[in-house]
Amino acid sequence: MTEQASTLRRKLGSAPQPAGEQSVATRALRIALARAADRAANLPLEVRTLDSQRRGLGEVLDNLPERAMNIVLEGPGEALGLLALSPGLTSALIEQQTMGRVSRTEPEPRRPTRTDAALVADFVESLCREFETALDGDPALGWAGGFHYASFLDDPRPLGLLLDDALYRLFPVNVELGNGARQATLILALPAEGRGHFATAVGAEPPDAGAARSWQEDMRDAVLASEARLDAVLARMTIPLDAVLGLKPGDMVPVATSALDRIVLETGGRHLAEGRLGQHKGNRALRLTRAPEPPVAVIRRDAEG
């Protein structure tokens with residue numbers, strides 16, 4: 001993408017949303033936040049200010065609270081969103097669940113931990129569900145529906161690799177917690193363009209769905225269900241044989257940082273796809289940037305006689 005095109009897209013993305021769309025989404029999010037805090041942690045939460053914007057990825061990352069609990073949300077069509085909770089909100093959720101009240105003393109700044117993430121996971125899942133419920137029947141479900149907790153990051157730097165460089169619907173929120181005990185902030189960012197229709201009757205199928213499966217479809221499903229080994233090749237390098245023979249556990253083999261953005265998937269030496277290193281539910285993961293070409297199956301039948 002050229003610098004001119006990138007600048008134009010940022011300007012378009014920074015434009016305010018239509019008033020109707022903005023009011024529906026912000027009203028639904030206000031309701032969802034209060035209900036999620038109550039149901040997940042019995043925590044009184046009141047939204048003081050809530051804005052709705054369209055921003056590019058760079059602007060989203062620039063607006064994250066300091067030392068935030070950065071939670072990656074996964075949605076339909078492998079869409080990824082972000083929920084960033086300020087330390088004050090994270091600690092309030094934890095205090096309410098462990099002590100039954102929110103302290104009026106601001107917490108000491110620290111990085112969030114995996115234990116913290118486990119304690120706020122119910123709030124995140126509840127928020128996603130309540131947001132959907134509050135938008136029931138509204139076209140906004142096309143971009144807001146179907147998201148759930150995927151993983152958390154205590155460092156925001158990998159987010160630039162994990163999230164798509166696209167436009168996002170950004171919701172900066174200021175809240176009051178524990179009946180005025182504490183003020184806190186959060187940011188919700190979801191891809192601006194929804195990936196497919198999110199039906200209110202999730203999982204519903206027509207009465208005759210799957211009744212007319214052909215022999216070719218059954219064969220395709222059987223083949224696709226078979227196991228296949230994939231090798232993720234991080235980098236290739238030439239090393240003298242004597243150096244290879246001298247390697248021992250604990251030795252470091254230098255790999256360029258750029259290798260993380262272009263990892264090759266292979267099977268049997270055949271190049272299948274390319275991706276970049278990321279994270280999913282706390283595990284190392286590979287996000288595809290160039291998918292393999294679909295295989296072409298040719299089925300022949302012998303002539304009779």
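The values are calculated or read from the model by the stated rules, or taken from the named source; none is laboratory data. Predicted, not measured: the structure shown is a model, and the values here were computed from it. Here the Cβ is made from the backbone with ideal geometry for all residues, glycine too, and neighbour counts use every protein chain on show. For accessibility, only protein heavy atoms count, side chains too; no ligands or nucleic acids. Shrake-Rupley method; radii C 1.70, N 1.55, O 1.52, S 1.80 Å.
Figures for the structure shown
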{"quantity": "Filter result (polar (S, T, N, Q) and farther than 17 Å from Asp164 by Cα) within the range 44-72", "calculated": "Thr49, Ser52, Gln53"}
{"quantity": "Answer residue from the range 243-263, given it is open to solvent by 90 Å² or more (accessible area, probe 1.4 Å) and in a helix (DSSP H, G or I) and is modelled with the lowest pLDDT among those", "calculated": "Thr257"}
{"quantity": "Residues of the range 88-120 that turn out to be touching a residue at least 60 places away in the same chain (Cβ under 8 Å), under 20 Å from Asn63 (Cα atoms) and in contact with an Asp or Glu (Cβ under 8 Å, 6 or more places away or on another chain), as a count", "calculated": "1"}
{"quantity": "Some residue of the range 144-164 being assigned to a strand (DSSP E or B), over 16 Å from Leu73 (Cβ atoms), touching a residue at least 12 places away in the same chain (Cβ under 8 Å) and of a type outside the set (A, V, I, L, M, F, W, C)", "calculated": "no"}
{"quantity": "Residue that is surrounded by the fewest Cβ atoms within 10 Å (Cβ to Cβ), among those in the range 117-141 that are within 20 Å of Ile187 (Cβ to Cβ) and small (Gly, Ala, Ser)", "calculated": "Ala121"}
{"quantity": "Criterion violated by Asp62 - all others in (1) under 24 Å from Arg129 (Cα atoms); (2) at pLDDT below 95; (3) of a type in the set (Asp, Glu) satisfied", "calculated": "(1)"}
{"quantity": "Residue count for the range 31-57, restricted to those that are touching a helix residue (DSSP H, G or I) at 6+ places or on another chain (Cβ under 8 Å), assigned to a helix (DSSP H, G or I) and among the small types (Gly, Ala, Ser)", "calculated": "5"}
{"quantity": "Phe147 under 13 Å from the mean Cα position of the chain (by Cα) and within 16 Å of Ala32 (Cα to Cα)", "calculated": "yes"}
{"quantity": "Selected residue (criterion: least open to solvent (accessible area, probe 1.4 Å)) from residues of the range 94-116 that are over 22 Å from Ala181 (Cα atoms) and assigned to a helix (DSSP H, G or I)", "calculated": "Thr115"}
{"quantity": "Options Val120, Val124: the member that is in contact with a Phe, Trp or Tyr (Cβ under 7 Å, 6 or more places away or on another chain) and not in a loop (DSSP other than H, G, I, E, B)", "calculated": "Val124"}
{"quantity": "Positions within the range 162-179 being touching a Gly at 6+ places or on another chain (Cβ under 8 Å) and surrounded by fewer than 19 Cβ atoms within 10 Å (Cβ to Cβ), in sequence order", "calculated": "Asp165, Ala166"}
{"quantity": "Some residue of the range 217-224 being within 31 Å of the chain's Cα centre (by Cα), of a type in the set (D, E, K, R), assigned to a helix (DSSP H, G or I) and at pLDDT below 80", "calculated": "yes"}
{"quantity": "Test result for Asn70, crowded, with 19+ Cβ neighbours inside 10 Å, closer than 30 Å to Leu141 by Cβ and of a type in the set (S, T, N, Q)", "calculated": "yes"}
{"quantity": "Condition met for Gly275 (within 30 Å of Leu162 (Cβ to Cβ), modelled with pLDDT of 70 or more and of a type outside the set (A, V, I, L, M))", "calculated": "yes"}
